[in-house]
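Heads up: the structure comes next, in structure tokens.
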Amino acid sequence: ANFVFARHPAYAGVDLAAALRSRSIIVRHFKRPLRIDPFLRITVGTDAECTALLAALTAICG
């Protein structure tokens, strides 16, 4: 598979997705079913895209 399904223990999936989107990083958040609401589906892209994702996550989550 070329994606990861992940969550952050301190951030809601919907909030993290919005914060990433504000930085032009698109991830998929699933509102339903509720048991996967905390998770994001993140596509593994190019090295540059992965670096941008990690930088954004560091800026958002600390």
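The values are calculated or read from the model by the stated rules, or taken from the named source; none is laboratory data. No experiment lies behind these values; they were computed from the predicted model shown. Backbone-built Cβ (ideal geometry, glycine too); neighbour counts: all protein chains shown.
Per the listing 1, 17, 12, 55, the residue uniquely out of contact with any His (no Cβ under 6 Å at 6 or more places or on another chain) and at pLDDT 95 or above is 55. When you go through 14, 27, 4, 44 one by one, which is the residue that is among the hydrophobic types (A, V, I, L, M, F, W, C) and in contact with an Asp or Glu (Cβ under 9 Å, 6 or more places away or on another chain)? Of the residues listed, the single one that is among the hydrophobic types (A, V, I, L, M, F, W, C) and in contact with an Asp or Glu (Cβ under 9 Å, 6 or more places away or on another chain) is 14. Here is the figure for segment 31-59: residues that are assigned to a helix (DSSP H, G or I) and among the basic types (Lys, Arg) total 1. Given the structure, is residue 23 closer than 19 Å to residue 9 by Cβ, of a type in the set (Lys, Arg), more than 10 Å from the chain's Cα centre (by Cα) and not in a strand (DSSP E or B)? Judged against the criteria, residue 23 is not a match. Consider segment 13-62 and keep the residues that are closer than 19 Å to residue 2 by Cβ and among the basic types (Lys, Arg). The one that is surrounded by the most Cβ atoms within 10 Å (Cβ to Cβ) is 41.
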